[in-house]
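The values are calculated or read from the model by the stated rules, or taken from the named source; none is laboratory data. Computed from a prediction, not measured in an experiment: that's the story for all the values here. Neighbour counts run over all protein chains shown; Cβ positions are idealised from the backbone, glycine included. For the accessible areas, the whole protein counts, side chains as well, though only heavy atoms, and no ligand, DNA or RNA atoms are used. Shrake-Rupley method; radii C 1.70, N 1.55, O 1.52, S 1.80 Å.
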Amino acid sequence: MSLIDVRTANESDCFLEIAECIYATDPFIYPTAFGHNKEKAVLAISELIKSPGSLFHYSNIVVAVNDNSVCGMLLYNEQGAEWDTERFYLLVNEFLEDKQKFEYASSTYFEEEAKRPEENHIEIVAVCVAQEYRGRGIASKLLTAFIEMKANKTLELDVLSNNESAIRLYSGCGFQITAQYKGFSITEATRPDCYHMVRAC
């Protein structure tokens, strides 16, 4: 494998590759919002990556690139972002399975994630390495580079409590568990246990 370049995403990157990583980050949120048809869900997310002001806009994404292919990404919220459910629904509805589920995910998750973080804080929304590149230390390199980029900021993230490899990664990068809570799901009975983790600047 050639050298991995970690940098801010730009409009020349393959948004479908970024969207595929985003979709893979959580088995509850993204299938609810965008459906279980992965191909259509990735097309929907890629439209949001193009949309200025969106939480998913490429200006809020750091990518790990190998031979001009996106092999990993980190999505974050530093300034606060727009989440207009109706506008985004109109933008992606041709790819969605269920309008009500998209609206539910929007009102109970995306609107909250899009809010402006506390002063001097950054919310890391998602971190993922493409399936074929896992196990090569790319997630660690991506997160370490992001920490260096934002050295004067307190970083926060949420992780499923059963995602042991992610928790080890975050702990190794200086994040500490500060809270445990029930995360997002379409039904109350299936809400997963999650940890909130913080890395002070």
If you look at just the Cα atoms of the stretch 130-169, how large are its Rg and its Dmax in Å? 11.7, 33
Using only alpha carbon positions, build the gyration tensor of the stretch 11-88, then give the equivalent ellipsoid semi-axes as the square roots of 5 times its eigenvalues, largest first, whole angstrom. 18, 16, 11
Using a 7 Å offset from the Cα along the Cα-to-Cβ direction at both residue 3 and residue 152, what is the distance between the two label points in nm, to one decimal? 2.8 nm
On the protein heavy atoms, probe 1.4 angstrom, tell me the percent of accessible surface of the chain carried by carbon and sulfur. 46 percent
Among 174, 35, 53: highest mean-square fluctuation, GNM of the chain, C-alpha pairs under 10 Å: 174
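If you place +1 on the Cβ of every Lys and Arg and -1 on the Cβ of every Asp and Glu, how big does the dipole about the Cα centre of the stretch 1-51 come out, in debye to the nearest 20? The partial results should precede the final answer.
Values: 4 positive and 8 negative charges, 25 e Å.
Computed charge dipole of the stretch 1-51: roughly 120 debye.
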Cα atoms only, the chain: Rg and Dmax in Å? 15.9, 45
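If the only charges are +1 at each Lys and Arg Cβ and -1 at each Asp and Glu Cβ, what is the size of the charge dipole of the stretch 119-171 around the Cα centre, to the nearest 20 debye? The partial results should precede the final answer.
Details: 6 positive and 7 negative charges, 57 e Å.
Once rounded to the nearest 20, the dipole reads 280 debye.
Calculate the FRET efficiency for residue 85 and residue 180 from the Cβ-Cβ distance with a Förster distance of 30 Å, rounded to the nearest 0.05.
Details: r = 29 Å, r/R0 = 0.96.
Calculated value: 0.55.
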Largest to smallest accessible area among 115, 153, 101 [probe 1.4 Å]: 115, 101, 153
The stretch 70-148: C-alpha pair distances exceeding 22 Å, %: 44 percent
What does the C-alpha gyration tensor say about the overall shape of the stretch 49-95? Classify as rounded when a/c is under 1.5, otherwise prolate if a/b is larger than b/c, or oblate. oblate
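Give me the dipole magnitude in Debye, nearest 20, for the stretch 24-127 about the Cα centre, with unit charges on the beta carbon: positive for Lys and Arg, negative for Asp and Glu.
Details: 8 positive and 18 negative charges, 50 e Å.
Dipole size: approximately 240 debye.
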As a quick test, which of the pairs 115/150; 50/115; 101/150; 115/153; 115/182 have an alpha carbon distance above 27 angstrom in this structure? 101/150
What figure in square angstrom, to the nearest 10, would you give for the accessible area of residue 104 with a 1.4 Å probe? 80 Å²
Unpartnered cysteines of the chain (Cβ-Cβ under 4.7 Å counts as a partner)? 14, 71, 173, 194, 201
Choose one of 125, 106, 151: the residue whose Cα lies farthest towards the positive end of the charge dipole of the stretch 100-200 (beta-carbon charges +1 Lys, Arg; -1 Asp, Glu; about the Cα centre). 151
Note down the relative contact order for the chain as a percent, whole number, built from C-alpha pairs under 8 angstrom at least six residues apart. 21 percent
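Can you give the translational diffusion coefficient of the stretch 113-201 in µm²/s, computed by Stokes-Einstein from the Kirkwood radius over Cα pairs at 25 °C and 0.890 mPa s?
It diffuses with D of about 175 µm²/s by this estimate.
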GluC sites (Glu not before Pro) restricted to the stretch 1-109 and DSSP loop, no more than 11 other C-beta within 10 Å: 11
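Using a 1.4 angstrom probe, figure out how much accessible area the chain has per residue, in square angstrom, rounded to the nearest whole. All intermediate terms of the calculation are to be shown ahead of the outcome.
Numbers: 9880 Å² over 201 residues.
Accessible surface, normalised per residue, equals 49 Å².
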